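The values are calculated or read from the model by the stated rules, or taken from the named source; none is laboratory data. Remember, predicted model here, so these are calculated numbers, not experimental data. Cβ placement follows ideal geometry from the backbone for every residue including glycine, while neighbour counts extend to all protein chains displayed.
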Amino acid sequence: MPVAIPDVKKTWTNAINVVTLGATREEGGTRTSKVTVGGATSLSFHHFEGTMPHPPAIAMEVWDIAPTDWPQILTEPFADVLNDPGLWAKKCVEQYGAELICLRLMGCDPIRGNRGPQEAVQAVKRVLASVGVPLIIWGTGNDEKDNEIFPAVAEAAAGENCLLGTITEDNYKTLVAVCTAYKHKLIAESPCDVNIAKQVNILATDMGFKPEDIVIYPTSAALGYGLEYVYSIMERARLAALRGDKMLSQPMICDIGIETWGVKEAKASEQELPEWGEQKERAPLWEATTAYIYLLTGADLLVLRHPRAVASVRQAIQQLMGAGGG
Amino acid sequence: MILIGERINGSFKDVGAAIKERNKEPIQDWAKKQTEAGADYLDVNLGAVSKNPADFAWLIQTVCEAVPTPLSIDSLKLDLVRAGLEAYREFGGRRPVIINSTTAEESKLMPLVELAVQYNSGLIGVVMDERGSPQDIDRRVELGAKIFAIASEAGLPPERVYLDPIVMPVKFMQEQGKNVLEAIRQFAMISDPPPHISIGLSNICSKAQERSLITRTFLVMAMAAGCDAAICNVMDTELVNAVATAELILNKEIYSDSYLKAYRKRG
């Protein structure tokens, strides 16, 4: 006799906020494409429970200075453009299909180039002029420096509806104020802590910033380096959001490249660790695998570095969305 | 926790006068203040001021104009409830709604269940009948089960049924407090998923000195027992703070240092 399988489908009361990045000429910007993420009414790719109107999107990372500490496997695809963020961004979009560019202002980092606001603005303008996709502009992580450069950067990109970050529990006022003034979206960062993720959103919205204009960055960890913990934090945030928590209903961004390319599984050459196989296969695979896992727990925006990882993650997203989504 | 703001009631002097004079301002002021304070629903009740359906429609329109908050249509008279639902459909659009309330008396229960089904409304069922209010646990649970069964049969899903165990004043009926709490625990087991369990909170402190403290202490105990809705004074800041804190401890809301603010931003 057949046994009836109980219906375990969940119904949720809330949807993830929809966030659109980029603005076209008609909207006061100069972008030729926009990216919309969020809107899910169930856990990611649970097409049997709800809808996922917007697939996760991939941003490729570009720096305002040529990186000196990237392994050769990673610099190789960009070797001819690393000194020009505009050309680098153009290559990412035209050759590797990046949907967004994540410009990381590493040159402003006090321990790297210690560049000032005007140089940061130049890099931003250069990228805006070179590509038509929306921009994520990521600061140095040094509070003082970020507060110095972001007012100028936000003004230079006014009207372009960029995603700027990050704000944290201890440093949010300047960036919230300039994003409000120049109408950009915000990345709210929390250190693997769902309580602080919620807290940062409350702090930003207390200043009058709209919760619908925030993207959560729960910090990311590479495969093998605490990924399970971050996974569970993101899952908890997403479950709370679907149950109605408006202070956790934001889309989530994962900064995959910077985490993955800092661990030895990606960095070590086969000469150093021959038993781990070829680095050119292993490293992009490590980056892509880290990304796959975050996709499953609710990542809406992924920042990636290697073109092979990008291609492979894009294919995974298409396959996962194909099962009833889209 | 579903907080239903009790203040728009003709029994309060200012609201009663406003209804009589058709003065929108004091009513809309309460609608806004209660919404900001964290009300999920606003109860609207003419009190003894009027039995005229047109007045009820005016009251509902007045509130709907001021805030997007859903309403609880509060009257014991069937024709007023019907008029209220009709007005709410016109002015409130597709917002959720609760009918407050029916008893377990079949002559009342059946038509109100029908209205709830017809208007896609929630329904608060107070566990009393022609024999009056129950004094013990068993009678409360028996009447709760009866209301739930009749509502389910008529097609009202559990998430639209609110059982009210009848809170009684601690000053005059001290033995009833723990009976109500036990009835709440048993209501929660009536079905899976369970119905909502709603209490008329302000009764607990009737004529007592420490009204605010008694009220919030009881509400937290009721929440721990399974109560998830209360008609109450949402303007009592400490009461809403206690609810927000109880929600954390019951792991229904995620902690953040500013959770008291987050609770008020949840709508």
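Structure notes:
- The set of residues in the stretch A:189-206 that are within 12 Å of chain B (Cβ to nearest Cβ), in contact with a Phe, Trp or Tyr (Cβ under 9 Å, 6 or more places away or on another chain) and part of a loop (DSSP other than H, G, I, E, B) contains only A:S190.
- Only listed residue being away from every other protein chain (no Cβ under 14 Å), part of a helix (DSSP H, G or I), in contact (Cβ under 8 Å) with a residue 40 or more places away in the chain and not hydroxyl-bearing (S, T, Y), chosen from B:A222, B:A242: B:A222
- Checking each residue in the stretch A:163-175 for being surrounded by fewer than 24 Cβ atoms within 10 Å (Cβ to Cβ) and in a helix (DSSP H, G or I) picks out A:K173, A:T174.
- Residues being of a type in the set (G, A, S), under 20 Å from A:K91 (Cα atoms) and surrounded by 20 or more Cβ atoms within 10 Å (Cβ to Cβ) - total across the stretch A:277-326: 2
- Within the stretch B:47-61, considering residues that are within 14 Å of B:R82 (Cβ to Cβ) and in contact with a Lys or Arg (Cβ under 9 Å, 6 or more places away or on another chain), the one surrounded by the fewest Cβ atoms within 10 Å (Cβ to Cβ): B:K51
- From A:I216, A:I233, residue being within 14 Å of chain B (Cβ to nearest Cβ), part of a strand (DSSP E or B) and touching a helix residue (DSSP H, G or I) at 6+ places or on another chain (Cβ under 8 Å): A:I216
- Looking only at the stretch B:47-85, residues that are over 17 Å from B:L112 (Cα atoms), among the β-branched types (V, I, T) and in a helix (DSSP H, G or I) come to 3 in all.
- Counting the residues of the stretch A:87-120 that are out of contact with any strand residue (DSSP E or B) (no Cβ under 8 Å at 6 or more places or on another chain), under 22 Å from A:A158 (Cβ atoms) and surrounded by 19 or more Cβ atoms within 10 Å (Cβ to Cβ) gives 3.
- For the stretch B:252-267, the tally of residues that are without any contact (Cβ under 8 Å) to a residue 24 or more places away in the chain and either more than 10 Å from chain A (Cβ to nearest Cβ) or not in a loop (DSSP other than H, G, I, E, B) (or both) stands at 4.
- Of the residues making up the stretch B:2-46, those that are in a loop (DSSP other than H, G, I, E, B) and modelled with pLDDT under 95 number 1.
- For A:K210, the stated conditions hold: it is within 14 Å of chain B (Cβ to nearest Cβ) and more than 27 Å from A:F45 (Cβ to Cβ).
- In the stretch A:236-252, residue nearest to A:T41 (Cα to Cα) [restricted to those that are among the aliphatic types (A, V, I, L, M) and within 13 Å of chain B (Cβ to nearest Cβ)]: A:L242
- Filter result (touching a helix residue (DSSP H, G or I) at 6+ places or on another chain (Cβ under 9 Å), over 19 Å from B:V97 (Cβ atoms) and surrounded by fewer than 17 Cβ atoms within 10 Å (Cβ to Cβ)) within the stretch B:153-176: B:E153, B:K171
- Residue in the stretch A:65-73 that is modelled with pLDDT of 95 or more, more than 17 Å from the chain's Cα centre (by Cα) and within 29 Å of A:T20 (Cα to Cα) present: yes
- Any hit, the stretch A:43-50, residues being out of contact with any Leu (no Cβ under 6 Å at 6 or more places or on another chain) and loosely packed, with under 15 Cβ neighbours inside 10 Å: yes
- Criterion violated by A:E272 - all others in (1) outside any helix (DSSP H, G or I); (2) within 14 Å of another protein chain (Cβ to nearest Cβ) satisfied: (2)
- When A:E61, A:E94 are screened for being at pLDDT 95 or above, in contact with a helix residue (DSSP H, G or I) (Cβ under 8 Å, 6 or more places away or on another chain) and of a type outside the set (S, T, Y), only A:E61 passes.
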